[in-house]
């Protein structure tokens, strides 16, 4: 019974920890970036977490990959300028 209890507590702890590191916890207000193809709306995160920066809206003529690159570049630029 003790093993089950310890395992259960470890599982609950892991779930709680995972909830604290969810990307939503670090989100900033979305920003719009003007490109030659149109406006890309980016979801940026804290200046220390650039890997999560991504597009949430893009022109229909732009690929998701390119829009995400635009957002990562915007996040990096904001980090450098702070």
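Listed here are the residues, each with its yes/no results for (1) out of contact with any helix residue (DSSP H, G or I) (no Cβ under 6 Å at 6 or more places or on another chain); (2) over 18 Å from residue 23 (Cα atoms).
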residue: 44; (1), (2): no, no
residue: 47; (1), (2): no, no
residue: 54; (1), (2): no, no
residue: 58; (1), (2): no, yes
residue: 77; (1), (2): yes, yes
residue: 82; (1), (2): yes, yes
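Name the pairs whose Cβ atoms lie under 9 Å apart, with the first residue in region 40-51 and free of Cβ contacts under 8 Å to residues at least 24 places away in the same chain and on the phi < 0 side of the Ramachandran plot, the second in a loop (DSSP other than H, G, I, E, B) and surrounded by 16 or more Cβ atoms within 10 Å (Cβ to Cβ), and 6 or more positions between them or separate chains?
Close Cβ pairs (under 9 Å, with a partner that is in a loop (DSSP other than H, G, I, E, B) and surrounded by 16 or more Cβ atoms within 10 Å (Cβ to Cβ)) amount to 41/58; 51/45.
Where the second residue is part of a helix (DSSP H, G or I) and the first is under 13 Å from residue 34 (Cα atoms) and lies in region 54-74, which pairs have Cβ atoms under 6 Å and are six or more apart or on separate chains?
55/67; 55/68; 55/71; 58/67
Every number here is computed from the coordinates shown, using simple stated rules; none is lab data. On a predicted model such as this, the values are computed, not experimentally measured, just so you know. As a convention, Cβ positions derive from the backbone with ideal geometry for all residues, glycine included, and neighbour counts pool all protein chains shown.
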